[in-house]
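Peer 1: Mind looking over this structure? Questions follow.
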Amino acid sequence: MLDHLRLTVGDVAAAYRLYDPLMRCLGFEEVERDDDGVAWGKPDADQWLILMPALRHGSHDAAAPGLHHIAFAADDRSVVDRAHELAVAAGAEILDPPRLFDYEPNYYATFFRDPNGFKLEVVTRASPPPSPGR
């Protein structure tokens, strides 16, 4: 659906501490840049996340016109769980730990905020693995 997403952040280094392990968990690799930003791309796909330093400072308001939240797709529930662990380790504000939501069947997600106040979601709709012995 998207080719790339470019976010303007107040502190690239602070954002990097959350986004680097998160993006790697989701199968992205860091890509070199010729500017003050950082970026990750997904191998064999035209999908990119780019973080650039803000020229003006202020806080993000998800209730104002503009971006509400970003949902990253995970292959399965273990990736959602790992993303949550990484967010906790990075000191992110956890909004919802991993769990099933009633948006649709098998909607398993976690929600948290990055250092700039962007609401992030990591979600899968994959069925859980069968229980042992079944």
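The values are calculated or read from the model by the stated rules, or taken from the named source; none is laboratory data. The structure displayed is predicted, hence computed values, not measured ones. For neighbour counting, all protein chains shown are included, and Cβ atoms are generated from backbone atoms with ideal geometry for every residue, glycine included. Accessible surface is based on the protein model in full, side chains and every heavy atom, while ligands, DNA and RNA are left aside. Shrake-Rupley method; radii C 1.70, N 1.55, O 1.52, S 1.80 Å.
Peer 1: Counting only residues 5 or more places away or on other chains, whose amide H sits under 5 Å from the amide H of residue 107 once H atoms are built in the peptide plane?
Peer 2: 101
Peer 1: Roughly how tilted is helix 12-25, in degrees to the nearest 10 and between 0 and 90, from the longest Cα axis of the chain?
Peer 2: So the helix axis and the longest Cα principal axis differ by about 30 degrees.
Peer 1: Also, I was wondering about something else. State the label only: which of (1) 15.7; (2) 16.2; (3) 14.9 corresponds to Kirkwood radius over Cα pairs in Å computed from the shown model?
Peer 2: Only one listed value fits the structure, namely (1).
Peer 1: Students often check this: by mean Cβ neighbours within 10 Å, which of 11-22, 64-75 ranks highest, and how do the rest follow?
Peer 2: Per-residue mean Cβ counts within 10 Å order the peptides as 11-22, 64-75.
Peer 1: GluC sites (Glu not before Pro) within the stretch 1-79: which are DSSP loop residues with at most 11 other Cβ atoms inside 10 Å?
Peer 2: Taking the stretch 1-79 and a limit of 11 other Cβ atoms within 10 Å, the loop GluC sites (Glu not before Pro) found are 32.
Peer 1: Long-range amide H contacts for residue 71: which residues qualify at under 5 Å (H placed 1.01 Å from N, peptide plane, sequence gap of 5 or more or a different chain)?
Peer 2: 121
Peer 1: Let me ask something else. In terms of solvent-accessible area of protein heavy atoms at a 1.4 angstrom probe, what is the ranking of 48, 40, highest value first?
Peer 2: Result of the area sort, largest leading: 48, 40.
Peer 1: Using only Cα atoms and rounding to the nearest 10 degrees, what angle (0 to 90) does helix 77-89 make with the longest principal axis of the chain?
Peer 2: With rounding to tens, the tilt is 40 degrees.
Peer 1: Can you compute the modelled spin-label distance between residue 62 and residue 96, with each label point 7 Å from Cα toward Cβ, in nm?
Peer 2: Result for the modelled spin labels: 1.0 nm.
Peer 1: If you place +1 on the Cβ of every Lys and Arg and -1 on the Cβ of every Asp and Glu, how big does the dipole about the Cα centre of the chain come out, in debye to the nearest 20?
Peer 2: Dipole of the chain, to the nearest 20 debye: 400 debye.
Peer 1: Moving on. Put a dot 7 Å past each Cα toward the Cβ at residue 4 and residue 24; how far apart are the dots in nm?
Peer 2: Each label point is offset 7 Å from its Cα along the Cβ direction, giving 2.2 nm.
Peer 1: Can you compute 3J(HN,Hα) from phi for each residue in the stretch 93-107, using the Karplus curve 6.51 cos²θ - 1.76 cosθ + 1.60 with θ = phi - 60°, rounded to whole Hz and x for Gly and Pro?
Peer 2: Each residue of the stretch 93-107 in turn: 6, 7, 8, 8, x, x, 6, 7, 10, 8, 4, 6, x, 6, 7 Hz.
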